[in-house]
1. If the label for residue B:20 sits 7 angstrom from Cα along the Cα-to-Cβ line, what are its distances to the same label in every other copy, in nm to one decimal, shortest first?
2. In degrees between 0 and 90, to the nearest 10, how far off the longest principal axis of chain B does helix B:49-62 point, with axes built from Cα atoms?
3. Give the angle, between 0 and 90 degrees and rounded to the nearest 10, that separates the Cα long axis of helix A:184-197 from the longest principal axis of the Cα atoms of chain A.
4. To the nearest Å, what is the center-to-center distance of region B:306-340 and region B:187-214, using C-alpha atoms only?
5. Order the peptides B:205-215, B:338-348 from the highest to the lowest mean number of other Cβ atoms within 10 Å of their residues.
6. Relative to the other copies, what are the label-point distances for residue B:229, with labels 7 Å from Cα along the C-beta vector, expressed in nm at one decimal and sorted shortest first?
7. Take every residue in peptide B:136-146, count the Cβ atoms of other chains within 10 Å of its Cβ, and give the average of those counts.
8. Could you check the simple spin-label distance between residue A:172 and residue A:130, using points 7 Å along Cα→Cβ, in nm with one decimal?
């Protein structure tokens, strides 16, 4: 562990004064209201071009920056879109989606901030009142909650605190919130159908034991079951921790399980299981067909190359447009959209 | 691409009214000042327990939440710590560090928000004035900037806008900011020494061609060079994109390069290169020793298991304590700490 020592250097310089709009007004020789009109870009009052330039120059010279929250207090709402930390361990697909969303919202004049941490120590369940309260205190104009566990009273609290739109990105519909539904049952269904189509009849489905994954794992398992319902194929739940020892134990007990295929939850669990099965002398795909999900680069690099379910979150542009529409019309009824694309990419492991 | 359709449902319900502290005061039968004392937890004024309870109940019933920014305007500073998006593509080690930091700052009463996106379209270089201005508009009490490219005038702007502390987490010291120095030259030095100790004399160093990595790649390359300076060993820079075709081309031209070892920048590039080298019939480590960095799980699962440089960012607790100390004493001179731990984990590939 790297330690940060506790003894600072001596000789403190004086703290800098914080310039206010009054300072800018004084330096520019105009009223505070004029400063506010110029710097907050209000279009309702005409300011002459020389005055505008004088104010901007004074602000620059003083290092004055308008206060977003003060502006929000005056105008009644902010331009801040709050994205809460997802209730599940986020991977590269989510981070790419978030980058694109932030970029697209930025182009529409919103400032996106993320708040919150991945829960620690396995704590799960619905978001606490405290969480929703902290979000509300920031007075965002819109809140996007990825995952699950948002309660209707939290939506209420956010709406009452001035949020014009609350959106969820997950498997549930929460009353009062726009729902971007990610249908992971469909992901499991595609996976189950693919393995069944490849002639497999005893299908295992990995369910991670780490907390937070159940929001995806449970519907994926259900989807595999639906895919083979009415056939002779069986579906076996395989609880698995993301650790080599656990995967080795599972692979060592493979004989009695007698499975000829596994939908391994995602590419990382698939990689873990592939190594363990091969170490036990089992051939992939000869003895066991293996299918991941996410379509990460690492799957393509495995031997055999990993088959996977390619997932696609909504485009940041489309979602930004929905946020903007919802903010402009806060009284509009919540929209519901199914947004997750899922397609099997067949490579060598299945 | 999943499309979000543009036609919302009909029948809009009325928007909810936003309750104010005046509403709470009226309902509880007390003054607005009393509401503020109770809900903002100011300790300087004594409020009787029954009054306190009446205010809290009224706030609960109305769904009133204090406005963090309004409170900040009154008190002169916020409790918001702004963490800007790193200037480099962040991996799991960074995300873990950030989770821990947020948790630790939360325990000290700060609200952490993240702002910004990974730059798109390869745009790099120092942060723009606009970026620093957007951060300043949020009026954070402290700003942590991971990566590089923060300019001294941006630090000035943030300090003048009320930020009591600006901290960088990266390779540079920026005047006016606390510096948490991540010494990637030392990472390269460890890597170079390990490969030299293993008897390798023609060492390649992968330098990703994707933008953003240079902040790590350049000092790591320099560290490898220093490790073998004065010996007969040579160091060859290997530009490489994170794409199979590029890795295959590099491996196909291996003969003329005549390298017997590669420090592959990180575990993911190492995995990419391992597959390409093996596809060309080259043995790892017999013909080419391969060393990654980051100590990701995927490296342990490769065949052969990947040797790597295990990296450790500072503990979130220590860093949170430093932020808190800096906020309490904004006039204290900037601190400098070297915070990156680096240790070679020798497995099978080197």
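Each reported figure results from applying straightforward, stated rules to the coordinates on display, with no laboratory input. Quick caveat: nothing in here was measured; it's all calculated off a predicted structure. In this analysis, Cβ positions are derived from the backbone assuming ideal geometry, glycine residues included, and neighbour counts consider all displayed protein chains.
1. 2.1
2. Value to nearest ten degrees: 70.
3. Roughly 30 degrees, rounded to the nearest 10.
4. Taking the Cα centre of each part, region B:306-340 and region B:187-214 sit 26 Å apart.
5. B:205-215, B:338-348
6. Shortest to longest, the spacings are 7.0 nm.
7. 3
8. Between residue A:172 and residue A:130, the label points sit 2.0 nm apart.
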